[in-house]
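Novice: Mind looking over this structure? Questions follow.
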Amino acid sequence: EPEVTQTPSHQVTQMGQEVILRCVPISNHLYFYWYRQILGQKVEFLVSFYNNEISEKSEIFDDQFSVERPDGSNFTLKIRSTKLEDSAMYFCASRPAGPTEAFFGQGTRLTVV
Amino acid sequence: AQSVTQLDSHVSVSEGTPVLLRCNYSSSYSPSLFWYVQHPNKGLQLLLKYTSAATLVKGINGFEAEFKKSETSFHLTKPSAHMSDAAEYFCVVSDRNDYKLSFGAGTTVTVRA
């Protein structure tokens, strides 16, 4: 069964460093998402991506964040200069056209120290 | 704009007794509604979905939910809880004309032996 895969599963980084979180969505899907979940808190929307551009982003998704779909298969989230409060589980998701569910990856746990 | 309110942050039940998780939604258009489950240290798994077909939706592991437009509700039920149902449950809404999924704050379910 097709699935969304995320790498790495866990990343530890120094404050101020850049990190890139990687995702391989399901191949025929059209919509791509990043969400994050700070420990013990709700799942928060970061950004959605459709037709090779950002379709919507939240207030969290400031200039420190960027997304790319560099080669038609990978979908990356970059955080330019990490802060302690960026520590969270980051989930990638994809969905096909139509009113259907999103398929989530297993997440990347980012720890900023 | 769309939003979801999960009315209970924590539900505790005895094994073998019914489970009820309450969810109310707000949506400008005909919504799609989903319940996802997250077991400890795991990703998000789809339990069931409503996308304008039958209003009573059956999902995996014996869960079901009923879409009630007049009450703007999509409550999740299971007749008999099992220890393996202990997890975090998220009600999620998606507008047909929107690109994002909006999550509720989540309900933590504990099951007592």
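Please treat every number below as a calculation from the coordinates, not as lab data. Please read these numbers as outputs of a predicted model, since none were measured by experiment. Here the Cβ is made from the backbone with ideal geometry for all residues, glycine too, and neighbour counts use every protein chain on show.
Novice: In the Gaussian network model of chain A, springs joining C-alpha atoms below 10 Å, which of A:96, A:25, A:70 carries the largest mean-square fluctuation?
Specialist: Residue with maximal mean-square fluctuation among A:96, A:25, A:70: A:70.
Novice: Moving on to the next point. Can you divide the C-alpha Rg of the protein assembly as shown by 2.2 N^0.38 Å and report the result to two decimal places?
Specialist: It is 1.02.
Novice: Next question, about the same structure. Take B:23, A:92 and order them by how many other Cβ atoms sit within 10 Å, fewest up front.
Specialist: Fewest to most other Cβ atoms nearby, the residues stand as B:23, A:92.
Novice: Normalised by the residues of chain A, what does the relative contact order come to in percent, with Cα pairs under 8 Å and at least six apart?
Specialist: Normalised by residue count, the contact order of chain A is 39 percent.
Novice: Using the beta-carbon distance between residue A:12 and residue A:50 and R0 = 30 Å, what value does 1/(1 + (r/R0)^6) give for FRET efficiency, to the nearest 0.05?
Specialist: 0.40
Novice: To continue, here is another question. Would you tally the net charge around residue B:48, using a Cβ to Cβ cut-off of less than 10 Å, leaving residue B:48 out, and scoring K and R as +1, D and E as -1?
Specialist: So the surrounding residues net to 0.
Novice: Can you work out the FRET efficiency for the pair residue B:30 and residue A:81, with r the C-beta to C-beta distance and R0 = 35 Å, to the nearest 0.05?
Specialist: 0.25
Novice: Cut-off 10 angstrom, C-alpha nodes, Gaussian network model of chain A. Which of A:35, A:90, A:50 fluctuates the most?
Specialist: A:50
Novice: Going by the alpha-carbon gyration tensor, a ≥ b ≥ c the square roots of its eigenvalues, is chain A rounded (a/c under 1.5) or, if a/c is not under 1.5, prolate (a/b greater than b/c) versus oblate?
Specialist: prolate
Novice: Suppose R0 equals 35 Å. What FRET efficiency, 1/(1 + (r/R0)^6) with r the Cβ-Cβ distance, do residue B:110 and residue A:22 give to the nearest 0.05?
Specialist: Efficiency, rounded to the nearest 0.05: 0.50.
Novice: Given a 10 angstrom Cα cut-off, can you work out which residue in A:91, A:32, A:49 is the most mobile in a GNM of chain A?
Specialist: In this elastic network of chain A, the residue with the biggest mean-square fluctuation among A:91, A:32, A:49 is A:49.
Novice: Hey, how many Å between the Cα centroid of region B:34-72 and the Cα centroid of region A:69-85?
Specialist: Rounded to whole Å, the Cα centres lie 30 Å apart.
Novice: Another question about this same structure. In debye to the nearest 20, how big a dipole does the protein assembly as shown give about its Cα centre with +1 on each Lys and Arg Cβ and -1 on each Asp and Glu Cβ?
Specialist: It comes to approximately 260 debye.
Novice: Between residue B:42 and residue A:41, with labels modelled 7 Å along Cα→Cβ, what's the label distance in nm to one decimal, could you check?
Specialist: It is 2.5 nm.
Novice: Also, quick follow-up: Neighbouring Cβ atoms within 10 Å as the yardstick, rank B:58, A:57 fewest first.
Specialist: B:58, A:57
Novice: Also: Rounding to the nearest 20 debye, state how big the charge dipole of chain A is about its Cα centre with +1 on each Lys and Arg Cβ and -1 on each Asp and Glu Cβ.
Specialist: My answer is approximately 180 debye.
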